[in-house]
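For reference, the structure is listed below as structure tokens.
The values are calculated or read from the model by the stated rules, or taken from the named source; none is laboratory data. Since the structure is predicted, the reported quantities are computational estimates derived from the model, not experimental observations. Backbone-built Cβ (ideal geometry, glycine too); neighbour counts: all protein chains shown. The area values use the complete protein model at the heavy-atom level, side chains included, leaving out ligands, DNA and RNA. Shrake-Rupley method; radii C 1.70, N 1.55, O 1.52, S 1.80 Å.
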Amino acid sequence: MLRARPAPVTILTLSLLAVASLALGALGLATNQPWLGLTLAAGEGADVRIVAVDPDGPARDVPVPAKLKVLRAPDGSAVAPVGMDLIDEPDAFETYRRMGAFFERQDRLDRVLRADYVDIEVAADDGGTATVRVRPASARPLHDLPAAFWIQLFVGVAGFGFSAWVWSLRWRDTSTRLFAAVGASILCFSFAAGIYSTRELALDGGLFRALSAANHAGALAFGAAMIALLLHYPRRLVRTRYLLVPAAVFGGWWAGDTLWLFPGPPLGLHLPTVLEMAGILACAAVQFRATRGDPRARAALRWFGLSIAVGAGAFVLTVVIPNLLGIAPGLPQGYAFLFFLLIHAGLALGVARFRLFDLDDWAFRIFFYLGGVFLLVALDAFLIYTVSVEPVSAFGVALLVVAFAYLPFRESLDRRLRQGRVPDRAGLYQRAVDVALTPTGTSQRARWEGLLTEVFGPLRMVPDDAAEVAIEDDGVALRVPGVDALPGVRLDYARGGRRLFTSRDAELAREIHAVLRHTLEGREAYEKGVAAERERIARDIHDNIGVQLLSALHSAEAPRKNTLIRETLTDLRDIINNAAGAERSLDEVLADLRAEVAEHLAVADVALRWDRVSGTTPDVAPGTLAIQVLRSLIREATGNVVKHAGASVMRVAVAERDGVLTIRIEDDGRGFDTRRVTRGNGLSNMRRRMTAMGGTLEVISGEAGTRVVARFAIGRGG
């Protein structure tokens, strides 16, 4: 029988509903407390000072600033608050005896505040005293909850939300279950601490102790789950049943701490927390050794190492170690819980294998910015406490030093550690050009594969039908598409398996591919152009030069022979000019034709009247075929005038408009019957040329002479 597999959205929805219910419960406990509307702070010695009152709160008539001396209930019971009553975290006590006394005082204060009214005795700064009767509110309003409460609530919700997301994707996987346990532990210790660390003055002693035990349970469960996770992921180091050992060991330690079997919190909580941190680092070191040769697993491990080093390291330095040494923490615990969210986010990305291939760049940036912040704070503190510089001036000097010394160092370090691994771009592009210009075949393919090997150093290269450059398998493989006859390839394990392919590698592959493609396209266009030019030269020689030389060879008349030779030389010059790539304008072509026609007509004693009408397209350049048609048309018409018309004048008018050429040729000789045209005058050849050009030809002949009008396009495509 197959068991149904819940959908990820179902798991995620149920998990979020559960955490929302717990958050509402935590909010209810935090607000279901008696409220005075006082803002209290520890003063000199054991004093408790009132620094502000809520204008809408029950104690709005209490004078401020003043020292809070006594809280007295109607039954006569009274408590004199002391600075110890305001501590955020009872773990700061050195012994359980003092912690027990603290819980007892909290219980007494809570009973006084739950009375119908409270007489608050204060001492003003001017020496006077006053007693104000206040009726505490039965519930604390939401707006009075400090930012530290909401931060810790957010840490718990976000931490468990990360876990639920990853767990929902692979709910049966042991690593995601352990990660879900990490998220649940964060929710446990952050919710509990959020309630008691942001109280106004007091909580019920039993509730306070239970919340403190829940906080300790979450803290130790976090370390135990982290150790178990690193024993199983990314490489399985022990059998699954041994993953419960950390939970059993530190669970027993928590029981001893809860029952106060140790001398105090330093041994009952802070020592196991430090030992868990050491165990986490030890497991990470073993995993690092076990994952050599597996860049994907090692990249996931780097996520763990980065998040632990940044988050847990910061929490231990600012909270745990100061408590262990008996000194005041450098950061309120409520705000320090944000470090755990950094840890959890890094763990989530590592377990989900999110963008493992960009981890090196991200790690460099994170460590650099953290280093900058540390340097700024350390230098600021040094100037204030050692050199006795004013705080504002000290911060300004520290900021200038970081800006002008540390930031340039960052650029240099970046070039050495990361950019130094990238080959010279100019050299790579030249290599790509060499590959493109290599004759197609085995040699070109070998150069292509050699270029990819030099740049990326893959452990394996196999043919692939990739359509575009893409990173696959979390950076294990890089797919590079082929170009023209060069095949696409899949590169596995960059630098011999020592690292993953990164976004920079993908971008570099795209650049090389683009250079190769453009070069191959240019080479193909060049070869097509060469072939087309060869074909044009062969066609021109066959159609014009060969025919004209053959006609000159068989011509018995010397003038005719000379004319054909001159025309052949003109055509040969045009062929050479076109082969050299010389583009001639329409006016240049017409000028040559005019000189040629004038010479022919002068021999026959025929006058030439040439009229060039200005066109609409300045410096228009006719195509090769258009030049040939234009030349043939005018030559045929000139030959007919000289041979058959017996004319004294020949008029030529040329006009161009929007790329269409109109040629009008007229003579004053004897006309002919256009219905009885013989092949000798070339009129039929002229018609065929016009038809081929998509143009028109009109011939009108009579006693007053002959008029030929031709129209055709002269663009480069003609």
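Within the stretch 468-489, identify whether any single residue is part of a strand (DSSP E or B), at pLDDT 85 or above and more than 18 Å from ALA514 (Cβ to Cβ), and answer yes or no. The answer is no, given that none of the residues of the stretch 468-489 is part of a strand (DSSP E or B), at pLDDT 85 or above and more than 18 Å from ALA514 (Cβ to Cβ). Among the residues of the stretch 173-201, the one identified as at pLDDT below 90 and touching a Lys or Arg at 6+ places or on another chain (Cβ under 8 Å) is THR176. A search for C-beta distances below 9 Å between a residue of the stretch 597-610 that is within 15 Å of GLY705 (Cβ to Cβ) and any residue that is hydroxyl-bearing (Ser, Thr, Tyr) and open to solvent by 40 Å² or more (accessible area, probe 1.4 Å), counting only pairs 6+ apart in sequence or on different chains, returns VAL606/SER648; ALA607/SER648. Scanning the stretch 449-466 for residues that are open to solvent by 40 Å² or more (accessible area, probe 1.4 Å) and touching an Asp or Glu at 6+ places or on another chain (Cβ under 8 Å) gives LEU459, ARG460, MET461, VAL462. One residue alone among ALA494, ALA525, ALA552 is open to solvent by less than 30 Å² (accessible area, probe 1.4 Å), under 41 Å from the mean Cα position of the chain (by Cα), modelled with pLDDT under 80 and hydrophobic (A, V, I, L, M, F, W, C), and that residue is ALA494.
Select from the stretch 120-129 the residues that are assigned to a strand (DSSP E or B) and over 13 Å from ARG72 (Cα atoms) and write down the one among them that is most open to solvent (accessible area, probe 1.4 Å). Looking at the filtered set, the residue picked out is THR129.
Taken over the stretch 440-466, the criterion of being β-branched (Val, Ile, Thr) and either more than 17 Å from PRO487 (Cβ to Cβ) or in contact (Cβ under 8 Å) with a residue 24 or more places away in the chain (or both) is satisfied by THR440, VAL455, VAL462.
Those helices (runs of 4 or more DSSP H) of the stretch 150-269 in which 3 or more residues are within 32 Å of the chain's Cα centre (by Cα) and aliphatic (A, V, I, L, M) occupy 174-197, 205-232. Assess whether SER175 counts as being open to solvent by less than 30 Å² (accessible area, probe 1.4 Å) and polar (S, T, N, Q). So SER175 passes the test. Among the conditions (1) in contact with a helix residue (DSSP H, G or I) (Cβ under 7 Å, 6 or more places away or on another chain); (2) modelled with pLDDT of 90 or more; (3) open to solvent by 60 Å² or more (accessible area, probe 1.4 Å); (4) charged (D, E, K, R), the only one that ARG239 does not satisfy is (1). With the condition kept exactly as written, say whether any residue in the stretch 275-286 is farther than 14 Å from PRO90 by Cα, modelled with pLDDT of 95 or more, in a helix (DSSP H, G or I) and not charged (D, E, K, R). No, there is no match, as no residue in the stretch 275-286 is farther than 14 Å from PRO90 by Cα, modelled with pLDDT of 95 or more, in a helix (DSSP H, G or I) and not charged (D, E, K, R). When residues in the stretch 589-623 are screened for being surrounded by 15 or more Cβ atoms within 10 Å (Cβ to Cβ) and within 60 Å of the chain's Cα centre (by Cα), 6 of them pass.
Contact annotation: no residue pair with Cβ atoms under 7 Å, 6 or more positions apart or on different chains, pairs a residue in the stretch 510-530 that is more than 12 Å from VAL483 (Cβ to Cβ) with a partner that is polar (S, T, N, Q) and surrounded by 14 or more Cβ atoms within 10 Å (Cβ to Cβ). When VAL489, VAL469, VAL480 are checked against the criterion of being touching a residue at least 12 places away in the same chain (Cβ under 8 Å), surrounded by 18 or more Cβ atoms within 10 Å (Cβ to Cβ) and either out of contact with any strand residue (DSSP E or B) (no Cβ under 8 Å at 6 or more places or on another chain) or more than 17 Å from GLY450 (Cβ to Cβ) (or both), VAL469 stands alone in meeting it. Which residue is farthest from ARG584 (Cα to Cα), if the candidates are limited to the stretch 642-651 and must be at pLDDT 85 or above and surrounded by 21 or more Cβ atoms within 10 Å (Cβ to Cβ)? Within the stretch 642-651, the match that is farthest from ARG584 (Cα to Cα) is ALA647. LEU142 passes every criterion in (1) open to solvent by less than 60 Å² (accessible area, probe 1.4 Å); (2) more than 18 Å from LEU68 (Cβ to Cβ) apart from (1).
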